[in-house]
Structure formats: structure tokens, C-alpha cells
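J.: Let me give you the structure first, and then I'll get to my questions.
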Amino acid sequence: MSYLPNRPDRIVVMGVLNVTPDSFSDGGRYASVDDAVAHAVQMRADGADLIDVGGESTRPGAQRVEAAEETRRVLPVVKALAAQGIPISVDTYRASVAAAAIEAGASVVNDVSGGLGDPDMARVVRDAACPWILMHWRGHSASMQQLAHYDDVVSDVRAELSARVDAALAAGVDRDQLVLDPGLGFAKTAAHNWALLASLESLVALGFPVLVASSRKSFLGTLLASADGVPRPVSDREDATTALTAYSALRGVWGVRVHEVRPSVDAALAMAAITAASP
Ligand code: PMM
């Protein structure tokens, strides 16, 4: 079984490294391998336990890129980070990209489709015996916001994630490989995201490590909108992101996935200190 970081002192913090021209918050910033590696090294120095390398934007409305292009973006960065001993997750729902990234040194597969995007992913993850983050997902980014309809978002997401767990186990993946993620912003309105956050315990109660990825997402832009309704810009949503890291840590999650690592590491340490001191 390869590496799923766990820390005795705080929850895990994953640092986002999007090597895409069009991601919603950092698209285009780390398009060269050198820039990407330098940013990853900085996130590591800030305390990131995993660097999450993604080569395809999943922002609402994003169009897909070809597998060859996704691999071309991701692989040189994965190789360069692995050469420095930096733990890597690969953010992809393509089995071929995941397999190539694992071969190049990635140790975790972060699959925003929860295994639905590529029927071959379960085999790749099973053969690699690596951790597999299963995110709640209903469809590709181009059309996912039309799928944001739930009877009860908390129980529906929980049931749909449980079905993904069952499919993974049926494909021969080990229980210990799985991490669950409610998929904030993926086929979800702001109200859905808040409801899922309010009921994080019900996801944690499924008995798997849980990842929360709220960083800079548009529901925070809406929450923090100006008086005339203009969403707070992406670059100015960090304090709310840090607050959600602290909240998530107190709700028993395994980790968070964030763009700005240091404030979340600090928040995680502070919440762990409170937990440790609790009677
Ligand atoms: N969100 C994005 C990308 N990858 N992975 C997981 N596990 N969970 C998420 O919610 C998630 C993800 C989109 O955000 P980005 O464009 O900032 O990477």
C-alpha cells in the first residue's frame, strides 16, 4: 500500500498545483515546469503534506482537454517533484493519466469523478494499491450545474458516494485505499455546499477518511459579495477558506485541499491543540 499521509499533530493539508491555462483560481500561473516546481517547493515549505497536480480544469463550464494534452502537462511536473521526494497526488479522472503519473512517482489518485469518469480507473488504482480519493460527481464540468437537483443533498451525496465505494470494492480495490470527498461546487449550489459542510459528520460517519476542498470556490465569492452583489474576487477568499479548514478539522475530517497552504496549516495546528486540550 503506498503513501496516504496521516499526521499525529493535525489534519492533512494538500496544496493545489493546477498546471492548466484555465483553472478558475490559478489558471495559467504555473504553466511552465519550473514555475510549477517552484510553487510546489514553496507549498511544501509551508507545510503541505501532498502536492495535488492537475492538468485539466474542472471549473463549471470548462471544456475537456485530450488525454495526451493532460499527460503532457502533468507528467514533467510529477517527475520533477518526485525527483525531489515530494509526495504527489494526481488530480485526474482518466485512468491513462493516473497510470502514467503513478509510474512517474505520484502516490495518490485524486479522482473528481469518484470512478465514474473512466471505467478503467478502478483497475489502475487496484494494481497500484494506492490511495484513491473518490469525490462526489454527477457529470462533466461543461454541464454539471444542470445536475444540481437533490431530494436531500446530504443523504443523496452520502448514498451516491457509498455506491462508488461499493463499486470500488467490487472491482477489487481495498477499503483502506479509499478517501471520500463531498465535491463542493460540483453539481451543487451554494446552499448545497453549506448543507454538506453543516453535516460533515454524517460523511465522516461512513468510516473513511474525508477530504474537504472549499478553497476559493465560488460559493465563498457569493458569501463575501459586496453590498451591490459583486462576488468577492478569487484572490480575496483566503480568510473564509482558512475558517473552513478550522471548522473541518473540528468535524473530524482527514484533510483539506487548498491553494494557500500556510494559513490552513496554522488553522489545523490550532484546532488540533484545542482538541488535544479538551477534557
Ligand atoms: N475541486 C477542484 C479540483 N479538484 N479534487 C477534489 N478531491 N475535490 C474538489 O473539490 C476538487 C478537486 C476544483 O478546484 P480547483 O480549480 O481550484 O482545482
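J.: Out of segment 63-103, which residues are assigned to a helix (DSSP H, G or I), within 16 Å of the ligand (Cβ to nearest atom) and acidic (Asp, Glu)?
T.: Of everything in segment 63-103, just one residue is assigned to a helix (DSSP H, G or I), within 16 Å of the ligand (Cβ to nearest atom) and acidic (Asp, Glu), namely Glu70.
J.: While we're on this one: How many residues does segment 23-53 contain that are within 13 Å of the ligand (Cβ to nearest atom) and at pLDDT 95 or above?
T.: Taking segment 23-53 first, the residues within 13 Å of the ligand (Cβ to nearest atom) are 23-30, 50-53.
Subset that is at pLDDT 95 or above: 50-53.
Qualifying residue count, segment 23-53: 4.
J.: Go through segment 119-143 residue by residue and tally those that are in contact with a helix residue (DSSP H, G or I) (Cβ under 9 Å, 6 or more places away or on another chain) and under 18 Å from Ala62 (Cα atoms).
T.: Of the residues in segment 119-143, the ones in contact with a helix residue (DSSP H, G or I) (Cβ under 9 Å, 6 or more places away or on another chain) are 119-132, 134-139.
Now drop any that are not under 18 Å from Ala62 (Cα atoms), which leaves 135-139.
Number of matching residues: 5.
J.: Related question: So Thr58 passes all but one of these: (1) within 27 Å of Val173 (Cβ to Cβ); (2) surrounded by fewer than 22 Cβ atoms within 10 Å (Cβ to Cβ); (3) modelled with pLDDT under 90; (4) within 15 Å of the ligand (Cβ to nearest atom). Which condition number does it fail?
T.: Unmet for Thr58, out of (1) within 27 Å of Val173 (Cβ to Cβ); (2) surrounded by fewer than 22 Cβ atoms within 10 Å (Cβ to Cβ); (3) modelled with pLDDT under 90; (4) within 15 Å of the ligand (Cβ to nearest atom): (2).
J.: Could you please find all residues in segment 168-179 being surrounded by 16 or more Cβ atoms within 10 Å (Cβ to Cβ) and part of a helix (DSSP H, G or I)? Spell out how you get there, then give the answer.
T.: At the first step, the residues of segment 168-179 found to be surrounded by 16 or more Cβ atoms within 10 Å (Cβ to Cβ) are 168, 173, 177-179.
Matches in segment 168-179: Ala168, Gln177.
J.: Right, something else. Which of the numbered conditions does Val253 fail, given that it passes all the others? Conditions: (1) within 15 Å of the ligand (Cβ to nearest atom); (2) assigned to a helix (DSSP H, G or I); (3) not polar (S, T, N, Q).
T.: Answer for Val253: the failing condition is (2).
J.: Shifting gears a bit: For Ser113, are the conditions met, namely being touching a residue at least 60 places away in the same chain (Cβ under 8 Å), within 14 Å of the ligand (Cβ to nearest atom) and either surrounded by 24 or more Cβ atoms within 10 Å (Cβ to Cβ) or among the small types (Gly, Ala, Ser) (or both)?
T.: Numbers: touching a residue at least 60 places away in the same chain (Cβ under 8 Å): no; within 14 Å of the ligand (Cβ to nearest atom): yes; either surrounded by 24 or more Cβ atoms within 10 Å (Cβ to Cβ) or among the small types (Gly, Ala, Ser) (or both): yes.
The answer is no for Ser113.
J.: Give Arg126, Arg158 a once-over and let me know the one that is surrounded by fewer than 19 Cβ atoms within 10 Å (Cβ to Cβ) and out of contact with any Asp or Glu (no Cβ under 7 Å at 6 or more places or on another chain). Step through it out loud before you land on a result.
T.: On the way: Arg158 fails: surrounded by fewer than 19 Cβ atoms within 10 Å (Cβ to Cβ).
That would be Arg126, the only listed residue that is surrounded by fewer than 19 Cβ atoms within 10 Å (Cβ to Cβ) and out of contact with any Asp or Glu (no Cβ under 7 Å at 6 or more places or on another chain).
J.: Within segment 165-206, how many residues are over 23 Å from Ser107 (Cβ atoms) and touching a strand residue (DSSP E or B) at 6+ places or on another chain (Cβ under 6 Å)?
T.: Summing the residues that are over 23 Å from Ser107 (Cβ atoms) and touching a strand residue (DSSP E or B) at 6+ places or on another chain (Cβ under 6 Å) in segment 165-206 gives 2.
The values are calculated or read from the model by the stated rules, or taken from the named source; none is laboratory data. In this text, all values refer to a predicted model and were calculated from it rather than measured experimentally. With ideal geometry, Cβ positions are generated from the backbone for all residues, glycine too; neighbour counts draw on all protein chains shown.
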